[in-house]
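Presented below is the structure to which this report refers.
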Ligand code: NDP
């Protein structure tokens with residue numbers, strides 16, 4: 001069997017077009033949705049992410065602002081910046097790019113973001129809303145994964161899902177979204193016994209670990225949907241960096257029914273879902289539904 005490749009880049013492009021069309025259709029006098037991104041320090045990967053987010057935001061017709069702080073700025077300065085963005089009526093989404101320098105208490109910063117502008121969905125109130133089945137803002141990567149799964153399986157009720165990885169930004173919210181879609185869900189992690197055996201139960205296997213090539217053919221039930229969230233940078237012999245996922249793609253593609261590639265799978269969906277969350281936050285703040 002050769003798996004169907006789930007094209008995350010195409011799916012994300014469609015979502016971005018839908019969002020842009022909705023913004024284009026706003027009355028000329030209406031305020032445009034605004035996303036503010038805070039970048040602290042010089043982390044090269046974060047700089048690329050922030051730049052890409054800015055480009056995508058502007059392309060969608062939204063207002064994008066970037067706020068940079070030096071790596072040695074104080075937590076008080078960062079919290080004051082977040083407070084000013086919370087109070088800014090033109091800002092619908094506030095995103096503080098992670099990771100933050102070691103002297104900053106991440107939890108304190110995330111807790112300072114207005115939950116209704118928390119387009120990353122990391123605020124404790126949004127975590128609670130997700131688990132309580134209430135309306136909130138859903139973390140972008142798991143949200144994107146659900147859309148990719150929907151590309152190949154419109155009805156998930158009764159399916160067995162295994163989420164590999166239990167982080168607060170991917171694994172745990174992913175679990176909750178699959179549960180809400182009536183899957184029977186197992187969450188696996190570094191202490192799970194017989195990882196291949198547990199994963200092989202899955203009709204839907206989502207891997208969010210950060211270990212290149214961890215998921216081999218013997219982790220995969222024939223015909224399963226495999227969603228590879230992992231982004232791992234490997235140095236090639238030519239001196240260039242190569243992006244790979246958690247899944248050994250060459251092996252998995254022969255067993256799975258459908259699979260996301262890396263790059264071009266989950267990654268593009270994360271940014272598209274950030275735009276979607278910003279539009280949702282805007283619509284709620286403007287009383288337009290959402
Ligand atoms: P974390 O490091 O926070 O979590 C990793 C999880 O994987 C942990 O639960 C850990 O278990 C588990 N784990 C680690 N090693 C193993 C192993 N050998 N076997 C089984 N489980 C293991 O990572 P994130 O959730 O933040 O990110 C995961 C991956 O997804 C990374 O590659 C990251 O770059 C990528 N990512 C991609 C995004 C995208 O847009 N495509 C967005 C966000 C992340 P334990 O809890 O026991 O330590």
Counted residues in region 233-290 being crowded, with 21+ Cβ neighbours inside 10 Å, touching a helix residue (DSSP H, G or I) at 6+ places or on another chain (Cβ under 7 Å) and more than 30 Å from residue 20 (Cα to Cα) come to 2
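Residue check: is residue 20 closer than 30 Å to residue 255 by Cβ and modelled with pLDDT of 95 or more? Reasoning before the result, please.
On the way: closer than 30 Å to residue 255 by Cβ: no; modelled with pLDDT of 95 or more: yes.
The answer is no for residue 20.
Out of 184, 192, report the one residue that is over 22 Å from residue 249 (Cα atoms), within 11 Å of the ligand (Cβ to nearest atom) and surrounded by fewer than 18 Cβ atoms within 10 Å (Cβ to Cβ).
Numbers: 184 fails: within 11 Å of the ligand (Cβ to nearest atom).
The unique qualifying residue is 192.
Within region 62-181, considering only helices (runs of 4 or more DSSP H) that don't extend past its boundaries, which have at least 1 residues that are within 30 Å of residue 257 (Cα to Cα)? Working first, answer last.
Working: elements: 75-87, 106-112, 124-132, 140-152, 171-180.
Passing ranges, in order: 124-132, 140-152, 171-180.
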Return yes when residue 198 is part of a helix (DSSP H, G or I), under 22 Å from residue 213 (Cβ atoms) and in contact with a helix residue (DSSP H, G or I) (Cβ under 9 Å, 6 or more places away or on another chain) and no when it is not. yes
Filter region 26-52 for residues that are over 23 Å from residue 108 (Cβ atoms) and in contact with a helix residue (DSSP H, G or I) (Cβ under 7 Å, 6 or more places away or on another chain); the one that is surrounded by the most Cβ atoms within 10 Å (Cβ to Cβ) is 33
Of the residues in region 195-229 that are under 19 Å from residue 264 (Cα atoms) and surrounded by fewer than 17 Cβ atoms within 10 Å (Cβ to Cβ), the one that is farthest from the ligand (Cβ to nearest atom) is 211
Open item on the list: Against the definition (in contact (Cβ under 8 Å) with a residue 40 or more places away in the chain and either out of contact with any strand residue (DSSP E or B) (no Cβ under 7 Å at 6 or more places or on another chain) or not assigned by TED's automatic domain parsing to the domain that holds residue 225 (or both)), how does residue 4 come out, yes or no?
Closed with: yes
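The values are calculated or read from the model by the stated rules, or taken from the named source; none is laboratory data. Since the structure is predicted, the reported quantities are computational estimates derived from the model, not experimental observations. Counting neighbours? That spans all protein chains shown, and the Cβs are built from the backbone with ideal geometry, glycine included.
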